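First the structure, in the form of structure tokens, and then the observations on it.
The values are calculated or read from the model by the stated rules, or taken from the named source; none is laboratory data. Only a predicted model underlies this, so the values are computations on that prediction, with no experimental measurement involved. We work out accessible area using only protein heavy atoms, side chains counted, and drop any ligands, DNA or RNA first. Shrake-Rupley method; radii C 1.70, N 1.55, O 1.52, S 1.80 Å.
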Amino acid sequence: MRSFHLLVRKSGSLTVFTTLLSEKNIFHRTLTVSWPFYKKKRTEYENIDLPKYGNLINYLTSGKDRSDGPKRFEEDGAGCQNKLPAHKAETKLLKNWIPLMNPRKSSQHREVPQGQLPLQIALQKNNWASVTSVLHQTMPAEQAFYLERWKQRMILKLGKEGFEEYVKNTFQKGKDFHAAMEALLLAKGNVVKEQKEDTSISSYVTSVKHVLQDITGVRALESAVQHEALYYQGLMDCIADYRGQLCLIDWKTSEKPKPFLQNTYDNPLQIAAYIGAINHDRNYDFQVNCGLLVVAYKDGSPAHSHFMSFELCSQYWDKWLLRLEEFKEKGKDNATK
């Protein structure tokens, strides 16, 4: 038996092909050895065209546009030829850290006076970044990859027009569900708001009924928040007591179970961003240090409630600050081009 070796130099690695020859069998082996002197090749997914699919991304990840996310395509996409490229996340250091809690504002928990209406502050028109825009434009490459792959699968299944209609309908259901939650929470405070019965979201409402039993003392509903030191803003769902702890509550809808917080992608970062903004917004005379992410299901099964303690919120707050810095750096780069 004879053998020969072929040495090939590639960007970022050396590949050695060893071929063993015999009369009946041919065996191939490849050995890849890391080579620090060559620059790692960038993947095509790092520069994915996110603005092109802005409406879809808004539907999938924003606080107001609900989704069950592109992860389901990852689970169902065994037959897809596209493969996720190996991507090692770079460790980034935070340049400007600001605490989640505001040292200039009281953190004392106070009961809501009986009959007091929840705050509903309108979103201001300015040039501040929105929380959803920051998360969209700093979406990790892996998440963008699965989003694009899921989109292509849905277009193959529904057609382009059918897919656009699907996104539009899902977005509308999310808005209707939030309107229903607002009406129900106002009713808990003896404030009656007219709400048309909508059978298309009745199952989602049924899904969260057991959670509503633990919510009291509503302080704000569908209200704008802004961080006056970091210059970003957003529209959050609810601030209320959940089992005796003041929380920022975010409602999500899904067609598939999301029993773990890590199944919810950037939603915890969104909650942390809103909490930080509330604590540094002079329109709110209180502070929040906990979050609650509630995922309602289309089939009416009991919603999953993901409680976020102060420690957990602090971890996601640091991640949010990194994403915000990345967003601002991209803005500076675009301005100089």
If you take all C-alpha pairs in the stretch 192-337, what percent of them are over 27 Å apart?
-> 27
Volume in Å³ per residue [convex hull over Cα atoms, computed for the stretch 99-154] | 232
Accessible area per residue in Å² at 1.4 Å probe, computed on the stretch 221-337 = 39
Using the structure shown, list the pairs from 95/332; 209/258; 95/330; 173/252; 105/319 with a Cα-Cα distance above 20 Å, or answer none.
-> 105/319
Whenever you get a sec, compute what percent of the accessible area on the stretch 176-316 sits on carbon and sulfur atoms (1.4 Å probe).
-> 51
